[in-house]
């Protein structure tokens with residue numbers, strides 16, 4: 001069953017549209033700010049973005065795991081398990097409209113949509129971005145043999161952030177999750 005967060009306007013805060021727009025901008029800043037993700041490998045520092053990547057504002061990745069879609073879904077939405085795989089504190093309200101902070105408060109946002117064991121959509125931003133600036137992160141979880149394929153679509157981040165975000169997803173999500181599920 002799909003759940004979509006209610007507009008925030010009812011509570012006197014920002015609307016869902018503004019929140020999502022802000023998330024898109026936030027993710028871009030995350031990629032551009034290496035201190036959020038930790039040290040960037042020397043090779044990444046020395047290699048400037050290709051001309052094509054400098055203007056990219058979205059990325060698509062597909063990653064296979066030795067865990068079921070249900071297991072991946074649970075880990076991404078559970079504070080204790082997220083903390084365990086990432087090595088940094090996380091506070092996650094695991095329902096549509098729920099707020100989250102991950103990586104010791106460096107990333108924050110709201111879960112926009114959940115389809116149990118299949119999809120997680122989040123408005124996502126690093127906390128050093130200007131208030132209200134967000135990007136959209138969409139995790140599609142697909143069965144693959146006895147494991148799962150995670151299809152990540154990260155959209156709406158600023159130009160110039162593609163290479164850093166690509167590195168960050170691999171270094172801070174995919175590699176640690178592979179070790180966690182091993």
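Read-outs throughout are calculated quantities, based only on the coordinates presented, and are distinct from any laboratory measurement. What you see is a predicted model, and the numbers here were worked out from it, not measured in a lab. Note that each Cβ is placed from the backbone with ideal geometry, even for glycine, and that neighbours are counted across all protein chains shown.
Quick notes
- Distance cut-off 20 Å, percentage of C-alpha pairs in the range 44-182 lying past it: 46
- Each of 173, 73, 134 has some number of other Cβ atoms within 10 Å of its Cβ, and from fewest to most they run 173, 73, 134.
- Length gained on full extension, residue 151 to residue 130: 4.7 nm, using 0.36 nm per residue less the C-alpha separation.
- Taking 154, 172, 60 and counting other C-beta atoms within 10 Å, the order from fewest to most: 60, 172, 154
- Virtual spin-label span in nm between residue 171 and residue 115, 7 Å along Cα→Cβ: 3.3
- Here's the picture: a label point sits 7 Å out from the Cα of residue 181 along the beta-carbon direction, and within the range 91-114 the residues with their amide nitrogen under 20 Å of it are 103, 114.
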